[in-house]
Amino acid sequence: MNLLPWRQKLHQYNLKQTLIKCLVYFIFSAIIYSYFIYVNHQNQQHIIQHRNQLSSLSQNLLQLVQQTEKLRPHYKLHENKLPIKRPHLFEVLNLLNELPLQEGELSQIIFSIQSLQLKGYVEDQNEFEMIHHFLNQHTLFEKIELIQFKPTKDQIYFEFDLKIDTREKINEQKNME
């Protein structure tokens, strides 16, 4: 009996199976490779968009810095025209020292020629009312404005804008000279 034809058929069958497997692997590899190329292209597009956004933000920042630098000398000129007098400064500092804060504290103090801004918090309404009453009684301020009043469970956050009465101080300074 001759087994050669049977072996040839088996060999051809195995060869076809191997070719089909190789073809499937090749197609699958091509699909995966195409997907990676697509993803890479999308990432490159996102990178280009982010770079464009970054460059436009950098240009805007540069313009803002230039505008700020242009305006800064004007601000300094105005600032130098109205110097803060020492007695005036000492009176504000003494006032801050005398504030009736018991459990609360000031978190920010902004001092300028015409105004004083106080930001802080207190533990209860009673302490806030004491501070407000103290500021209202002081003659240093022309106008007292409560900008923020934010009660929470444990604390009351506040912000006062205190307009300093410069007329009285100017008259006192003229009398002293």
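Any read-out appearing in this document is the output of simple, stated calculations on the displayed coordinates, not a laboratory observation. Values in this document were obtained by computation on a predicted structure and should not be read as measured data. Cβ sites come from the backbone with ideal geometry, for glycine too, and all protein chains shown count toward neighbours.
Residues in the range 113-134 near a label at residue 150, defined as backbone nitrogen under 18 Å from the 7 Å Cα→Cβ point?
117-125, 128
Would you kindly derive the ³J(HN,Hα) couplings of the range 144-156 from the backbone phi angles with the Karplus curve 6.51 cos²θ - 1.76 cosθ + 1.60 (θ = phi - 60°), listing them in order in whole Hz, with x for Gly and Pro?
Coupling constants for the range 144-156: 10, 10, 8, 7, 9, 9, 10, x, 10, 4, 9, 9, 10 Hz.
Can you compute the modelled spin-label distance between residue 42 and residue 59, with each label point 7 Å from Cα toward Cβ, in nm?
2.9
Across the range 47-60, in residue order, what do the Karplus-derived ³J(HN,Hα) couplings come to in whole Hz, using 6.51 cos²θ - 1.76 cosθ + 1.60 with θ = phi - 60° and x for Gly and Pro?
Taking θ as phi minus 60°, the curve returns 4, 5, 4, 5, 5, 5, 5, 5, 5, 5, 5, 5, 5, 5 Hz for the range 47-60.
Calculate the tail of P(r) for the range 114-167: the fraction of all Cα-Cα distances greater than 12 Å, expressed in %.
Working: 906 of 1431 pairs.
Distances greater than 12 Å cover 63 percent of the Cα pairs.
Net charge around residue 103, counting only other residues with Cβ within less than 9 Å of its Cβ (Lys, Arg = +1; Asp, Glu = -1)?
Working: positive: none; negative: 105, 123, 124, 127.
Taking every other residue near residue 103 into account, the sum is -4.
What list do you get for 122, 92 if you sort them by fewest beta carbons within 10 Å?
Starting with the residue having the fewest Cβ neighbours, the order is 92, 122.
Round to the nearest 0.05 the FRET efficiency obtained for residue 51 and residue 20 when R0 = 45 Å and r is the Cβ-Cβ distance. Can you show the working numbers first?
Numbers: r = 46 Å, r/R0 = 1.03.
For R0 = 45 Å, the calculated efficiency reads 0.45.
How high is the FRET efficiency between residue 114 and residue 72 when r is their beta carbon distance and R₀ equals 25 Å, given to the nearest 0.05? Can you show the working numbers first?
Details: r = 20 Å, r/R0 = 0.81.
Calculated transfer efficiency: 0.80.
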